[in-house]
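**Student:** Before anything else, here's the structure in question.
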Amino acid sequence: MFGFDAIELARIQFAFTVSFHIIFPAFSIGLASYLAVLNGLHLWTGREVFLKLFNYWKTIFAVAFGMGVVSGIVMSYQFGTNWSVFSDTAGPVIGPLMGYEVLSAFFLEAGFLGVMLFGREKVGPRLHFFATLMVAIGTLGSAFWILSVNSWMQTPQGHAINEVGQFVPVDWWAIVFNPSFPYRLVHMVLAAYLTTALVVGAVGGWHLLRDRANQASRTMFSMAMGMLIVVAPLQIVAGDFHGLNTLEHQPAKIAAMEGHFEPHPEGGAPLILFGIPDAENETVNYAVQIPYLSSLILTHDLTSPLPGLKDFPREERPPVGIVFWSFRVMVALGFAMLGLGLWAVIMRWRGTMYDRPWLHRAAIAMGPAGFVAVLAGWITTEVGRQPWTVYGLLSTNDSVTAVGASAVGASLLAFIVIYFTLFGAGTFYILRLMGKRPDDGTPVSGIGPTRTAGVTPAPAFDDKFIPAE
């Protein structure tokens, strides 16, 4: 179908749905923590601006959270429809981990979400803050378990293989805390915080362009830029540690990220800034490179050896072009975030952060950058793992269900239509919410439907009207 076989369509379908899904948790993880901070600051200082911002962003969080849940459910079904061999083979390990995510993290989020959204006047500010904190912890818990599953697929350990070829758990501590898990967890959570900071900064910058004196806009912009300058350097450092771990456990992925076809057994590998990888001829055309820098970055030593793709059979190499460019997009956006944070720090030091329209425009332009960086990082991680679903043990070709290409293609088309329609409308609604100033006199919760469909309020009586006996 469309020139693709069933396995290619199954991979495209999962990539499409996970790309839609990941942007919502990446936003809601950071936003839940931001809401907890706002609620705590209001409780501590009594300043109404923090409560005003909390009420503003909680509605946006509720919509993003709902779309994240809906978009994620579909992927669970794909494990059974398109990847049933993988589910059967790896199910004894990944099934319980995904169950823990639902039972511990998601239930925690869902259980306290209603209190956070609607219960402030009923439970009081302290218990309301506790509920908000539980929602934030729940989102982090979801990230913990999902990344544990994915990290085990990248660096599997703590398992055995039974007589029918299934992976069965032997040591749950080793499975959960597999070698790449701590690095992936830190990297993803920091990415979520950066994504949220950029969105909050973009919204603050948007409103500051219209009213520089607006206190709520100034506060959210200040908090976002402060978060950016703290987290962006931490993310760069975390990325460096993550790269060292990947070099140890997935050297073929590192070779693809760096564009190194030739191995460098004596070190001195150059950093290829740009170029066009040619997998067929095993070279990078038009390469712009800096001598020795790749060895220094990846091993912190100019003479340490680095692998090349020629060290691996062609059938075990990841698609180098995709990995090469997605990695560069992620890194470039990371340094752009750091640059925006530094710019804001300088303007804050000069006392002109709220009076710089070009800074505000730059913040608006960088608003989607976190989502793009998350997608680029996810592509680097998942495509770089190919051709394996469980790295080095179970190939993607051996994981797919024996289903016809037409069936997979038809469901893919349905997903494309439904996702763009449903989540396009949801994103448009979120942008409308963001377009409203936090203190423009319109209650944020009042934007959109205000009563249940089919229920018409009765006409009001005034003092001059006395109904007939």
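**Student:** Over the alpha-carbon set of region 1-147, divide Rg by the Kirkwood Rh and report the Rg/Rh ratio to two decimals.
**Tutor:** Details: Rg = 18.5 Å, Rh = 16.9 Å.
Result for region 1-147 is an Rg/Rh of 1.10.
**Student:** Just check region 152-292 against the gyration tensor rule for me: Cα atoms, a ≥ b ≥ c as the square roots of the eigenvalues, rounded for a/c under 1.5, and otherwise prolate or oblate depending on whether a/b exceeds b/c. Walk me through the intermediate numbers first.
**Tutor:** Working: a/c = 3.00, a/b = 1.41, b/c = 2.12.
Since a/c reaches 1.5 but b/c is at least a/b, the shape of region 152-292 is classed as oblate.
**Student:** Given H placed 1.01 Å from N in the peptide plane, which residues other than close sequence neighbours of residue 395 have an amide H under 5 Å from its amide H?
**Tutor:** Counting only residues 5 or more places away or on other chains, the set is 389.
**Student:** Can you tell me the accessible area per residue over the chain, all protein chains present, probe 1.4 angstrom, in square angstrom? Don't jump to the answer; show the numbers that get you there.
**Tutor:** Working: 22170 Å² over 469 residues.
About 47 Å² of surface per residue is accessible.
**Student:** Which of the peptides 221-230, 31-40 is most tightly packed, and how do the rest follow, going by the mean number of other Cβ atoms within 10 Å of each residue?
**Tutor:** Details: 221-230: 21.0, 31-40: 23.0.
Highest to lowest by the protection proxy: 31-40, 221-230.
**Student:** Moving to a separate point now. Express the carbon and sulfur contribution to the solvent-accessible surface of the chain as a percent, rounded to the nearest whole number, probe 1.4 angstrom. Let's see the in-between values first.
**Tutor:** Working: 14950 of 22170 Å².
Answer for the chain: carbon and sulfur cover 67 percent of the accessible area.
**Student:** Go through 199-208, 302-311 and give me the packing order, highest mean Cβ count within 10 Å leading. Intermediate results must be reported in sequence, preceding the final value.
**Tutor:** Details: 199-208: 25.6, 302-311: 17.5.
In decreasing order of mean packing, 199-208, 302-311 become 199-208, 302-311.
**Student:** Report the full-extension gain for the segment residue 230 to residue 43: residue separation times 0.36 nm, less the Cα-Cα distance, to one decimal in nm. All intermediate terms of the calculation are to be shown ahead of the outcome.
**Tutor:** On the way: separation 187, 0.36 × 187 = 67.32 nm, distance 2.39 nm.
The span from residue 230 to residue 43 would gain 64.9 nm if fully extended.
**Student:** In nm, to one decimal, how far is the modelled label at residue 329 from the one at residue 118, with both set 7 Å along Cα→Cβ?
**Tutor:** 4.0 nm
**Student:** Calculate I(q)/I(0) for region 49-133 by the Debye formula, one identical point scatterer on each C-alpha and no solvent, and give its log10 at q = 0.16, 0.22, 0.23 Å⁻¹ to two decimals.
**Tutor:** -0.75, -1.07, -1.13
**Student:** How fast does region 294-433 diffuse by Stokes-Einstein, in µm²/s, taking the Kirkwood radius from C-alpha pairs at 10 °C and 1.306 mPa s?
**Tutor:** On the way: Rh = 19.6 Å.
Stokes-Einstein gives a translational diffusion coefficient of 81 µm²/s.
**Student:** When the dipole is taken about the Cα centre of the chain, and only Lys, Arg (+1) and Asp, Glu (-1) are charged at their Cβ, what size is it in debye, to the nearest 20?
**Tutor:** On the way: 26 positive and 30 negative charges, 410 e Å.
Value, rounded to 20: 1960 debye.
**Student:** Return the loop-located trypsin sites (Lys or Arg not before Pro) in region 197-267 (DSSP other than H, G, I, E, B) with at most 10 other Cβ atoms within 10 Å of their own Cβ; answer none if there are none.
**Tutor:** Numbers: sites: 210, 212, 218, 253; in loops: 210, 212.
Sparse-neighbourhood loop trypsin sites (Lys or Arg not before Pro): 210.
**Student:** Considering the Cα trace of region 343-405, what is its radius of gyration and what is Dmax, both in angstroms?
**Tutor:** 21.9, 64
**Student:** Follow-up question, since we're still on this one. Quick one: Karplus J couplings for region 114-119, per residue in order, coefficients 6.51, -1.76, 1.60, θ = phi - 60°, nearest Hz, x for Gly and Pro?
**Tutor:** x, 5, 5, 7, 10, x
**Student:** Same structure again: Straight-line reach from residue 310: which lysines have a Cα under 17 Å away, not including same-chain ones fewer than 8 places off?
**Tutor:** Result set, ordered by chain and number: 253.
**Student:** Between residue 289 and residue 418, 0.36 nm times their residue separation minus their Cα-Cα distance comes to what? Write down the numbers at each step before the final one.
**Tutor:** Numbers: separation 129, 0.36 × 129 = 46.44 nm, distance 4.37 nm.
Answer, rounded to one decimal: 42.1 nm.
**Student:** Would you kindly calculate the translational diffusion coefficient of region 248-344, applying Stokes-Einstein with the Kirkwood radius from alpha carbon pairs, for 4 °C and a viscosity of 1.567 mPa s, and quote it in µm² s⁻¹ without decimals?
**Tutor:** Details: Rh = 13.9 Å.
Result for D is 93 µm²/s.
**Student:** Let me ask something else about it. When N is the residue count of the chain, what does its C-alpha Rg come to as a fraction of 2.2 N^0.38 Å? Walk me through the numbers before you get to the answer.
**Tutor:** On the way: Rg = 24.9 Å, N = 469, 2.2 N^0.38 = 22.8 Å.
Ratio of Rg to 2.2 N^0.38 Å for the chain: 1.09.
**Student:** Right, next: What are the residues whose amide H is under 5 Å from the amide H of residue 274, where those residues sit 5 or more places off or on another chain and H is modelled from the backbone?
**Tutor:** Answer set, sorted by chain and number: 288.
**Student:** Now a separate question. Give me the extension gain from residue 314 to residue 4: residue separation times 0.36 nm, minus the current Cα-Cα distance, reported in nm with one decimal.
**Tutor:** Values: separation 310, 0.36 × 310 = 111.60 nm, distance 2.09 nm.
Roughly 109.5 nm would be gained on extension.
**Student:** From the convex hull of the Cα coordinates of region 105-229, what is the mean projected area in square nanometres? Spell out each step's value before the answer.
**Tutor:** Numbers: hull surface 44.2 nm².
The Cα convex hull of region 105-229, projected and averaged over all directions, gives 11.0 nm².
**Student:** Another question, if that's okay. In whole Å, what is the distance between the alpha-carbon centres of region 156-205 and region 41-103?
**Tutor:** 14 Å
**Student:** Assuming R0 = 41 Å, what is the FRET efficiency of residue 281 and residue 303, from their Cβ-Cβ distance, to the nearest 0.05? Let's see the in-between values first.
**Tutor:** On the way: r = 29 Å, r/R0 = 0.70.
Efficiency, rounded to the nearest 0.05: 0.90.
**Student:** In sequence order, what are the phi-derived ³J(HN,Hα) couplings for region 153-160 according to the Karplus relation 6.51 cos²θ - 1.76 cosθ + 1.60 with θ = phi - 60°, rounded to whole Hz, with x for glycine and proline?
**Tutor:** Working through the residues one at a time gives 5, 7, 9, x, 7, x, 10, 10 Hz.
**Student:** Excluding same-chain residues fewer than 8 positions from residue 122, which lysines have a Cα within less than 27 Å of its Cα?
**Tutor:** Candidates past the 8-residue exclusion: 52, 58, 436.
**Student:** Hey, another quick one. In deg cm²/dmol, rounded to 500, what helix-only [θ] at 222 nm does the chain give when every DSSP H run of at least 4 residues adds -39500 (n - 2.57) and the total is split over its residues? Write out the running numbers ahead of the final one.
**Tutor:** Working: 15 runs with 308 residues, N = 469.
Estimated from H runs of four or more residues: -22500 deg cm²/dmol.
**Student:** Sticking with this one: Could you give the size of the charge dipole of region 56-210 about its Cα centre, using +1 on the Cβ of each K and R and -1 on the Cβ of each D and E, expressed in debye and rounded to the nearest 20? Before the final figure, lay out the partial values.
**Tutor:** Values: 6 positive and 6 negative charges, 158 e Å.
Roughly 760 debye for region 56-210.
The values are calculated or read from the model by the stated rules, or taken from the named source; none is laboratory data. Source: prediction; values computed, not measured. We place every Cβ from the backbone using ideal geometry, glycine too, and count neighbours over all the protein chains shown. Note: accessible area is taken over every heavy atom of the protein model, side chains too, but ligands, DNA and RNA are not part of it. Shrake-Rupley method; radii C 1.70, N 1.55, O 1.52, S 1.80 Å.
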